[in-house]
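The values are calculated or read from the model by the stated rules, or taken from the named source; none is laboratory data. Every value quoted in this text rests on a predicted model; they were computed, and no experiment measured them. As a convention, Cβ positions derive from the backbone with ideal geometry for all residues, glycine included, and neighbour counts pool all protein chains shown. Side chains included, ligands, DNA and RNA excluded: accessible areas come from the protein's heavy atoms. Shrake-Rupley method; radii C 1.70, N 1.55, O 1.52, S 1.80 Å.
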Amino acid sequence: MSLKLSSIKRNRAQEDEGQWENVVGWPGVRVKVRGINYKPYQIAREMMIQKLTRTMGRQPTSTEMEPMLGKLVATHLLLGWDGIVDGPEDDESKQTPVEWTMDVGVRYLTDRDYLELEQRVIIASVLVGERDAEFTADATKNSAAPSATN
């Protein structure tokens, strides 16, 4: 069996424009996100790390970056969500949908009590533009057999 290389080519337009992704492990919840390699996000993240490094005189730890990273994820990657509610934990009838806005996204993704939401959004961003690998039925030899060296 051989991998069809063209089948794993990422959809760059989809990564930049965003797409709806089901949140892994959370049935009924989905987020609209851009791909993790979205250039403005990558630039902002790198600038944040450089600024913190200059300020601290060393590389920042992931814990030190968390609040700022959450804001970057909320402003650059997250474009919307469905299936998120809030209200009293003990009364489902009083749970109401949390409407996504940029401000609401920033509020939750910078709150360390909701770190798991930020992490799930990042996981969804990794999946944007991904395609299922396809394989050919016949194996084609595309490299020479290794030679013995003495």
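Computed quantities for the displayed model
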quantity: Hits in region 8-35 (condition: among the polar types (S, T, N, Q) and under 28 Å from Thr136 (Cα atoms)); calculated: Asn11, Gln14
quantity: All positions within region 72-122 that are of a type in the set (Gly, Ala, Ser) and part of a helix (DSSP H, G or I); calculated: Ala74, Ser93, Gly105
quantity: Criterion violated by Val126 - all others in (1) of a type outside the set (Gly, Ala, Ser); (2) at pLDDT below 95; (3) in a loop (DSSP other than H, G, I, E, B) satisfied; calculated: (3)
quantity: Answer residue from region 66-105, given it is of a type in the set (D, E, K, R) and surrounded by 10 or more Cβ atoms within 10 Å (Cβ to Cβ) and is farthest from Asp16 (Cα to Cα) among those; calculated: Lys94
quantity: Search result, residues across region 36-65 that are farther than 18 Å from Val126 by Cβ, open to solvent by less than 80 Å² (accessible area, probe 1.4 Å), assigned to a helix (DSSP H, G or I) and not hydrophobic (A, V, I, L, M, F, W, C); calculated: Thr53, Glu64
quantity: Answer residue from region 4-35, given it is among the hydrophobic types (A, V, I, L, M, F, W, C) and at pLDDT below 95 and is least open to solvent (accessible area, probe 1.4 Å) among those; calculated: Ala13
quantity: When residues of region 12-35 are limited to those that are part of a helix (DSSP H, G or I) and more than 19 Å from Trp100 (Cα to Cα), the one nearest to the chain's Cα centre (by Cα); calculated: Glu15
